[in-house]
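For reference, the structure discussed in these notes is given below.
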Amino acid sequence: MIEQAKQFLVQCYQELEKSESELYERIYEVEKEIEETGYYTHTYEELEHGAKMAWRNSNRCIGRLFWERLEVKDCRHMDMEEEVAEALTDHIREATNGGKIQSTISIFKPKTEASEIRIWNHQLLRYAGYETGDGVIGDPASVELTKRAMELGWQGKGTSFDILPHIFHIDDRAPVWYDVPEDAIEEVELRHPEYDWFRELELRWYAVPIISDMRLEIGGIDYTCAPFNGWYMETEIGARNLADDFRYDLLPVVARKMGIDTKRNSSLWKDRALVELNQAVLYSFQQDGVSLVDHHTAAQQFQVFQKNECKYARQVTGDWSWLNPPVSPATTPIFHQSYEDRMDTPNYFYQSCPFS
Ligand code: HEM
Ligand SMILES: N=C(Nc1cccc(CNC[C@@H]2CCCN2)c1)c1cccs1
């Protein structure tokens with residue numbers, strides 16, 4: 001622990017341009033706290049900069065240019081269910097910001113022998129998935145969690161776009177669930193700039209992606225409950241969530257409405273439906289004034305991030321297979337470069353499923 005703490009403090013204080021004496025005083029303080037309690041408590045400044053460093057180190061993230069602009073909400077003092085639930089709803093409201101989305105992270109108390117908070121949701125906003133005799137209604141990716149929610153007493157409306165409740169547990173207490181207040185949920189109804197029939201598909205998606213199941217590690221301390229959001233890249237919605245045949249599987253219906261022969265691969269019906277689906281996402285979010293970035297702009301911004309990091313003599317690590325957008329990857333500069341996929345800390349990590 002002490003080694004990880006020291007390594008973090010040295011880099012963090014150097015980046016924050018603190019003096020040597022401040023650094024050594026802090027290291028001494030931290031050593032004492034670790035000797036006495038086995039852990040140490042980050043100052044708000046260390047927490048804030050650590051969360052930003054973790055974003056900067058996220059190898060799979062194309063959106064890292066804006067790593068220094070992250071709103072860090074310190075929720076480490078909370079250990080009652082009601083206040084955690086309220087903090088999650090506050091996060092959604094503040095991040096949404098009327099459509100001008102703000103990158104935000106809410107950091108709850110870290111894991112110790114005696115305590116841990118885990119959110120069961122993958123994202124604070126996500127649609128339920130109901131398994132029926134002939135297929136899934138809603139998001140197949142949510143079938144497991146939807147079952148757990150219903151076992152806990154939650155009742156969904158049964159539509160394809162029911163927002164799941166927040167489910168979490170604190171320490172070894174039973175899990176609780178809270179519906180997300182409707183007035184906190186911003187969604188975009190999907191329409192297409194040319195195809196008027198598109199709105200008849202009655203498709204929609206929520207405005208803000210808020211990842212709530214990853215662990216933030218800073219200097220040896222594990223924040224197992226630290227939901228964070230940015231804004232979407234359109235391909236996430238248009239090329240994956242709505243297109244994957246194991247998600248909403250919409251390419252066949254879009255291609256058919258476009259009048260393309262879906263019997264032959266060589267008609268490229270999947271590719272043409274894909275582009276129009278992504279065009280609809282871009283158009284609808286822009287019309288509604290909700291932040292979103294297209295994959296070409298995002299890739300260009302990532303190039304600027306790489307140039308900036310060079311100036312600070314920091315290597316940009318990356319996971320090439322995730323950095324490439326799923327639509328037209330070879331038309332972006334990322335495709336024609338390679339990246340070392342080394343996991344530096346601070347960083348965001350996967351963690352065990354809290355309910356399986
Ligand atoms: C500001 C706008 C942002 C955009 C457009 C963006 C874009 C993306 C995209 C497209 C992915 C790939 C996701 C997927 O394919 O499922 C990703 C991954 C990731 N992003 Fe960002 N991001 C943004 C902000 C953030 C922020 C604020 C954080 C954390 C503070 C973050 C941390 C991550 C992490 C940890 C991953 C990898 C997730 C995994 O391994 O499953 N990103 N990002
Ligand atoms: N735009 C975003 N997308 C994103 C970022 C991290 C993780 C994810 C979810 N990735 C896992 C999903 C589900 C399987 C494949 N994709 C999405 C952001 C979410 C939170 C901050 S930015």
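For the residues LYS257, LYS263, the requirement of being farther than 30 Å from LEU65 by Cα and surrounded by fewer than 15 Cβ atoms within 10 Å (Cβ to Cβ) singles out LYS263. Consider segment 280-296 and keep the residues that are within 17 Å of ALA330 (Cβ to Cβ) and assigned to a helix (DSSP H, G or I). The one that is farthest from ligand 2 (Cβ to nearest atom) is HIS296. If you filter segment 214-238 down to residues that are open to solvent by 10 Å² or more (accessible area, probe 1.4 Å), of a type outside the set (Phe, Trp, Tyr) and farther than 17 Å from HIS122 by Cβ, you find that the one that is nearest to ligand 1 (Cβ to nearest atom) is MET233.
Determine whether segment 197-206 contains at least one residue that is part of a loop (DSSP other than H, G, I, E, B), open to solvent by 20 Å² or more (accessible area, probe 1.4 Å) and at positive phi. The answer is yes; a qualifying residue exists. Out of SER160, SER142, SER115, one residue alone is among the hydroxyl-bearing types (Ser, Thr, Tyr) and within 16 Å of ligand 1 (Cβ to nearest atom). It is SER142.
Scanning segment 44-67 for residues that are closer than 19 Å to LEU16 by Cβ, in contact (Cβ under 8 Å) with a residue 40 or more places away in the chain, in contact with a Leu (Cβ under 8 Å, 6 or more places away or on another chain) and within 14 Å of ligand 2 (Cβ to nearest atom) yields ALA51, ALA54, TRP55.
Quick grid of which residues meet (1) within 8 Å of ligand 1 (Cβ to nearest atom); (2) touching a helix residue (DSSP H, G or I) at 6+ places or on another chain (Cβ under 6 Å):
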| position | (1), (2) |
| --- | --- |
| ILE62 | yes, yes |
| PHE66 | yes, no |
| GLU71 | no, no |
| CYS75 | no, yes |
| ASP79 | no, no |
| GLU82 | no, no |
| ILE92 | no, yes |
| GLY99 | no, no |
| GLN102 | no, yes |
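Here is a yes/no grid of residues against (1) free of Cβ contacts under 8 Å to residues at least 40 places away in the same chain; (2) under 24 Å from ASP244 (Cα atoms); (3) open to solvent by less than 30 Å² (accessible area, probe 1.4 Å):
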site	(1), (2), (3)
THR297	yes, yes, no
LYS311	yes, no, no
TRP320	yes, yes, no
LEU323	no, yes, yes
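Out of the residues in segment 182-196 that are of a type outside the set (A, V, I, L, M, F, W, C) and within 20 Å of the chain's Cα centre (by Cα), state the one that is surrounded by the most Cβ atoms within 10 Å (Cβ to Cβ). Per the stated criteria, the residue is GLU186.
Taking LEU152 as the residue in question, decide whether it is touching a residue at least 24 places away in the same chain (Cβ under 8 Å), under 21 Å from SER352 (Cα atoms) and within 16 Å of ligand 2 (Cβ to nearest atom). Criteria not met by LEU152.
Among the residues in segment 307-315, are any under 24 Å from HIS295 (Cα atoms) and within 12 Å of ligand 1 (Cβ to nearest atom)? No, segment 307-315 contains no residue that is under 24 Å from HIS295 (Cα atoms) and within 12 Å of ligand 1 (Cβ to nearest atom). Go through segment 42-51 residue by residue and tally those that are farther than 16 Å from ILE211 by Cβ and either within 9 Å of ligand 1 (Cβ to nearest atom) or in a loop (DSSP other than H, G, I, E, B) (or both). Summing the residues that are farther than 16 Å from ILE211 by Cβ and either within 9 Å of ligand 1 (Cβ to nearest atom) or in a loop (DSSP other than H, G, I, E, B) (or both) in segment 42-51 gives 2.
Among the residues of segment 176-204, those that are in contact with a strand residue (DSSP E or B) (Cβ under 6 Å, 6 or more places away or on another chain) and of a type in the set (Phe, Trp, Tyr) comprise TRP177, TYR178. Counting only residues that are open to solvent by 20 Å² or more (accessible area, probe 1.4 Å) and either hydrophobic (A, V, I, L, M, F, W, C) or more than 12 Å from ligand 2 (Cβ to nearest atom) (or both), segment 239-249 holds 4 of them. Of the residues making up segment 297-331, those that are part of a helix (DSSP H, G or I), among the hydrophobic types (A, V, I, L, M, F, W, C) and under 19 Å from PHE66 (Cβ atoms) are ALA298, ALA299, PHE302, VAL304, PHE305, CYS310, TRP322, LEU323.
If the condition is being loosely packed, with under 15 Cβ neighbours inside 10 Å, under 23 Å from GLU113 (Cα atoms) and more than 30 Å from the chain's Cα centre (by Cα), then segment 3-30 contributes only GLU29.
The values are calculated or read from the model by the stated rules, or taken from the named source; none is laboratory data. Predicted, not measured: the structure shown is a model, and the values here were computed from it. Virtual Cβ from ideal backbone geometry, glycine too; neighbours counted across all protein chains shown. These accessible areas exclude ligands, DNA and RNA; they are computed on the full protein's heavy atoms, side chains included. Shrake-Rupley method; radii C 1.70, N 1.55, O 1.52, S 1.80 Å.
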